[in-house]
Amino acid sequence: MQFTKKYLFGLALLPIAINANADTIYDSLSAVSAGFNLVSNANFGPLADSFSTGANPFSLTDLQLALTSNDASTSGTVTVSLFSDSDASLGSLLATLGTISDTSLSAYTPTTVDFAQSTPIQLAANTRYWIEVSATDDSSAGWSYTTDTTGTGVATEFNANSFQVYANAGDPAQNLINDPYQLQISGVTAVPLPGAAWFFATAVGALSALRRRHTFSNVNQA
């Protein structure tokens, strides 16, 4: 019983080895808008931007986009979705992140729309994903784009419309280049604390030694 309590205590130390840091892994939203493209299937849509996680797992908690409508009288519906990546193109649908009506958008002027996630979405480390914005045919919603690719995580990613996938930046002679759409992706990155691996290995070793000692003691008592 005594060993079991010590073993459980050692396991309880494991979460201490992980630190959670608030993080923004993609941000083209802070840049100046250069215009917008319509997102409905009847126009250029759906539209999409890719983003990538870093060396550690990431929990997506908030997504913000710069959206507008091109006609104040329309009442279509916009849907924002998370997709996997398939060789620098959209893969499979992973989650619907939110919807909004044209009537809730500011006409002619892109403004920030927040899609906070009540349940964090767990994303794998070192993995590319896509945010897709689609709309019903009766929608006049538009997604703002920017010529500025200096924001966090922007320059090495891609964007897409219903016709083509484009690089956000790079050599025009090597890639089809198109301006990225404006969004910001925030959440929590799980980061191992410095020395955490050594600490946990030491704790496991100590617990193993205690177990051997406990077993040896039982043998002697027998």
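The values are calculated or read from the model by the stated rules, or taken from the named source; none is laboratory data. What you see is a predicted model; the values in this text were computed from it and never measured. Because the Cβ atoms are built from the backbone with ideal geometry, glycine has one as well, and the counts that use them run over all protein chains shown.
Numerical summary
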{"quantity": "Selection count where residues are over 18 Å from Leu94 (Cα atoms) and hydroxyl-bearing (Ser, Thr, Tyr), scope region 42-81", "calculated": "6"}
{"quantity": "Strands (runs of 3 or more DSSP E) (entirely within region 82-177) containing at least 1 residues that are more than 17 Å from Thr53 (Cα to Cα) and either out of contact with any strand residue (DSSP E or B) (no Cβ under 7 Å at 6 or more places or on another chain) or among the aromatic types (Phe, Trp, Tyr) (or both)", "calculated": "111-123, 141-145, 165-167"}
{"quantity": "Sole residue being without any contact (Cβ under 8 Å) to a residue 40 or more places away in the chain and among the small types (Gly, Ala, Ser), chosen from Ala141, Ala95", "calculated": "Ala95"}
{"quantity": "Complete set of residues in region 165-185 that are surrounded by fewer than 19 Cβ atoms within 10 Å (Cβ to Cβ) and either modelled with pLDDT of 95 or more or of a type in the set (Ser, Thr, Tyr) (or both)", "calculated": "Val165, Tyr166"}
{"quantity": "Scan of region 99-139 for residues that are of a type in the set (Gly, Ala, Ser) and farther than 25 Å from Ala190 by Cα, ordered by number", "calculated": "Ser101, Ser104, Ser106, Ala107, Ser134, Ala135, Ser139"}
{"quantity": "Test: residue in region 116-127 that is surrounded by fewer than 21 Cβ atoms within 10 Å (Cβ to Cβ) and more than 21 Å from the chain's Cα centre (by Cα)", "calculated": "no"}
{"quantity": "Test: residue in region 87-106 that is buried (at least 16 other Cβ atoms within 10 Å of the Cβ), out of contact with any Gly (no Cβ under 9 Å at 6 or more places or on another chain) and under 25 Å from Ala169 (Cα atoms)", "calculated": "yes"}
{"quantity": "Region 31-76 - residue that is under 18 Å from Ile177 (Cα atoms) and among the hydroxyl-bearing types (Ser, Thr, Tyr) and, of those, surrounded by the most Cβ atoms within 10 Å (Cβ to Cβ)", "calculated": "Ser50"}
{"quantity": "Condition broken by Ser40, with the remaining ones in (1) in contact with a Gly (Cβ under 7 Å, 6 or more places away or on another chain); (2) without any contact (Cβ under 8 Å) to a residue 12 or more places away in the chain satisfied", "calculated": "(2)"}
